1. What ratio of Cα Rg to 2.2 N^0.38 Å holds for the range 214-264?
2. In whole percent, what relative contact order does the range 122-265 give with Cα contacts below 8 Å and a gap of six or more residues?
3. Could you list, in their original order, any pairs among LYS13/LYS33; LYS139/LYS170; LYS116/LYS259 whose Cα atoms are separated by more than 25 Å?
4. With a 10 Å radius around each residue's Cβ, average the other Cβ atoms per peptide and rank 189-195, 33-39, highest first.
Amino acid sequence: MATGKLDLWIDRKESLLGLERDQLTWRLHGKLKDRVPVKYVNTVTILGQTQLDSRLLCRLAECGVSVYLLNNARNSAGTAIGQTFAGPPRQRLLQYQCTSDKSQGLSVARVIVYGKLSAYWHAGVNRFSFSESWGDSIKTLMTQIDAAQTLPQLLGIEGAASRSWFEQLKQRIPEDWKFEGRNKNPPKDPVNALLSLTYTLVSQPLRQALMAWGYDLSLGFLHQVYPGRESLVCDLQEWLRPLVDCWIAEVVLAQFVPKDFALDPEYGCRLHKEKRTVFYQLWYDQYDHWPGLSDFGKARVSLPELCCQLVQALHNLFQQFVDQQEPEWRETVERIAASLLFPAIADEVDDAFDDDGAADWGGSES
């Protein structure tokens, strides 16, 4: 990892995590399997039934190590232990001001939806060569964003784009995967199982970046306040979902076959235990090689670095809306989407912007 520390994943039933001589210990069925000095641990993610020594939790909290408890049955964002606000209170006050003003809050929600649709457009047209008519339909939805005067209207636009995206993606995935579109809680097929798991993985560095900036995770814009949900994490994750979808379709599926998965009546579709190591290795191979937001994605950065860049971009937009400026956010969001989804032919992206930095493609101009 770029940090030089380890991100530990525990997904074996009857595991026990303890603390011995300032080392995190992992026991399975009572037998010691491994140990890691606490100072070398970045995060601990637990999926499944695991016992935790309270002394370990206290020590991890002292060292600023976050512990994530994931819902095995639902692949939800789960619960984070040991995180506190790290940024100045001013950031939260800025966020509170945006969320308390309906007009400003809706404006930020528009930015989030525009970014997701722009990412869909770049992925579909430039990476998967979807039809021109499909690209035009996404652009049409993007032009409707400004006219949305309520959150339900905006969510309707986002939902229509997502359904269209997955309908097209379905045609790129071999039929033996039986992928019929997005489903969740729990996922009913292998592709959705991989999507849900990876969305959850992406949410962790997003959560860390937002906490580092001092934001309140429960206050979102597109995703409203809901008990137990980190709505702001869900908001920012929308910009990364198309990138995750591409990674699953282009890289991950090639390493598995449908029989590597099993359908559980409670947990839904899941990878077999012996195949999870393959997935996690793919994930960590990718971890330090995500497209950065500078230089149109040609420079590779770690996922935490990318999340920090996204949070900074969101913060800048917050400030502009609060200052009652008329931010040129479409150009900013277009550049973010282009950097995330267009790196394979990034040299052509520069030419798609005129000398003033305005995009020649996609979205309405006002």
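1. Values: Rg = 15.9 Å, N = 51, 2.2 N^0.38 = 9.8 Å.
After normalising by residue count via 2.2 N^0.38 Å, the value is 1.62.
2. Values: 108 pairs, mean separation 26.7, N = 144.
Relative contact order for the range 122-265 comes out at 19 percent.
3. Values: LYS13/LYS33 13 Å; LYS139/LYS170 20 Å; LYS116/LYS259 32 Å.
As for pairs spanning more than 25 Å Cα to Cα, those are LYS116/LYS259.
4. Details: 189-195: 24.1, 33-39: 12.7.
Ranked by mean Cβ neighbours within 10 Å, highest first: 189-195, 33-39.
Every number here is computed from the coordinates shown, using simple stated rules; none is lab data. None of the values given here were measured: they were computed from a predicted structure. A quick note on method: Cβ atoms are made from the backbone with ideal geometry, for glycine too, and the neighbour counts reach across all protein chains shown.
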